[in-house]
Amino acid sequence: MEPATFKVDTKTVSVKDSSEPVEVSKAYPGTYTVKAEASNLFGEFSLKEDIQVKPTKSGQSDYTLKFNGNTYAIDTDFPEAVLFVNGKSTKKTLQELEYLGPFPEDKEVTLFAELSQPDGKAIKSEQVTQDQGSWGSLSFIFEENEANLSTELVAESSLSNEDVNQYILDFRESYEQALNTRDYSLIASYLLSGSLAEEELIEYIGDLQDKDYSYNFKENTIMNTQETEEGTFEITTFEKFIFTNHLKEQTTYDREKIYTIIKEGSSYKIEKIDINETERNEI
């Protein structure tokens, strides 16, 4: 959490960048009580913790102190909507925020997003609290209000989502062929040049060259599509396939993945593929 203020006896230290250690002071061995305060968009935080200072060869001791509070990813069909916290505008769009939180543990925080339309009117997503997070995400969905949405906004969003969803389904079809033929060229055009996805799949398919494995894709379902910023999409999928090894032993895999897609001109490229969850069962 940043910024934050820490107090050790009469010494006060302000932390503006939490990515690097901050030197406090010299101290004799013993027990010291650290008190700290911080705030963010979602509330006020405090902590009180005792640390043990012991002699070390280097003469230095490091301590990690954390404020309690959960953070959540953002699930929305309109990332350009502005976030409101406890009824007040943050003046930040959902796509500007990497995540929501941390949230104070002792206070309920209400949130909703507001979407402005070309005619000047605005509509709101359903109000949620930090305790309503599901699968590590908080949802700000406007689909139920489509009747009130500008047809221009709905059409534009639906068209983009439909295109990028089909792109992933086409990739999955080509990927099954690439795995079973050990031919990376079948998926090369889907991947962003120099990306992590390209690096990982070149290596993975290369490692299959001398192995008698096969893959049978049974299900590819788009669960959620989100434009996190202009031209960047995150697609959540459910994928089911049967893997057969060289001994003809079979295992079913149920997976949830998140694909990060970059729009390039009139086409798309896969930048990153994250595996969220995997369930394996031997047949």
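I'd like the full set of residues that are of a type in the set (Asp, Glu) and over 15 Å from SER39 (Cα atoms), limited to segment 77-107. Walk me through how you get there before you give the answer.
Within segment 77-107, the first condition is being of a type in the set (Asp, Glu), and the residues that meet it are 77, 80, 96, 98, 105-106.
Within segment 77-107, ASP77, GLU80, GLU96, GLU98 meet the criteria.
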(request) Filter segment 228-269 down to the residues that are within 21 Å of PHE78 (Cα to Cα) and aliphatic (A, V, I, L, M), then identify the one that is surrounded by the most Cβ atoms within 10 Å (Cβ to Cβ). (result) ILE261
(message) I'd like the full set of residues that are of a type outside the set (Ser, Thr, Tyr), within 19 Å of SER214 (Cβ to Cβ) and in contact with an Asp or Glu (Cβ under 8 Å, 6 or more places away or on another chain), limited to segment 246-279.
(response) HIS246, GLU249, GLN250, ASP254, ARG255
(request) For segment 68-89, enumerate the residues that are in contact (Cβ under 8 Å) with a residue 40 or more places away in the chain and surrounded by fewer than 17 Cβ atoms within 10 Å (Cβ to Cβ). (result) ASN70
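Quick one: which residue in SER14, SER18 is loosely packed, with under 15 Cβ neighbours inside 10 Å, under 16 Å from PRO102 (Cα atoms) and not charged (D, E, K, R)?
Only one candidate passes the filter, namely SER18.
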(request) Determine, yes or no, whether LYS107 is in contact with a Gly (Cβ under 8 Å, 6 or more places away or on another chain), surrounded by fewer than 15 Cβ atoms within 10 Å (Cβ to Cβ) and more than 24 Å from GLU234 (Cβ to Cβ). (result) yes
(request) Report, by residue number, each residue of segment 210-231 that is in a loop (DSSP other than H, G, I, E, B) and within 28 Å of LYS248 (Cβ to Cβ). (result) ASP210, LYS211, ASP212, TYR213
(message) Residues that are on the phi > 0 side of the Ramachandran plot, in contact with a strand residue (DSSP E or B) (Cβ under 7 Å, 6 or more places away or on another chain) and not hydroxyl-bearing (Ser, Thr, Tyr): does segment 214-234 have at least one?
(response) yes
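The rows are residues; the columns are (1) in contact with a Pro (Cβ under 8 Å, 6 or more places away or on another chain); (2) over 24 Å from ARG182 (Cα atoms); (3) touching a residue at least 24 places away in the same chain (Cβ under 8 Å).
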{"residue": "ASN224", "(1), (2), (3)": "no, yes, yes"}
{"residue": "ILE235", "(1), (2), (3)": "no, yes, yes"}
{"residue": "LYS248", "(1), (2), (3)": "no, no, no"}
{"residue": "LYS269", "(1), (2), (3)": "no, no, yes"}
{"residue": "ILE275", "(1), (2), (3)": "no, no, no"}
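All of the numbers you see were taken from the coordinates with simple rules; none came from a lab. Here the structure is a predicted model, which is why all the values come from computation and not from measurement. Quick reminder, even Gly has a Cβ in these numbers, built from the backbone with ideal geometry, and neighbours come from all protein chains shown.
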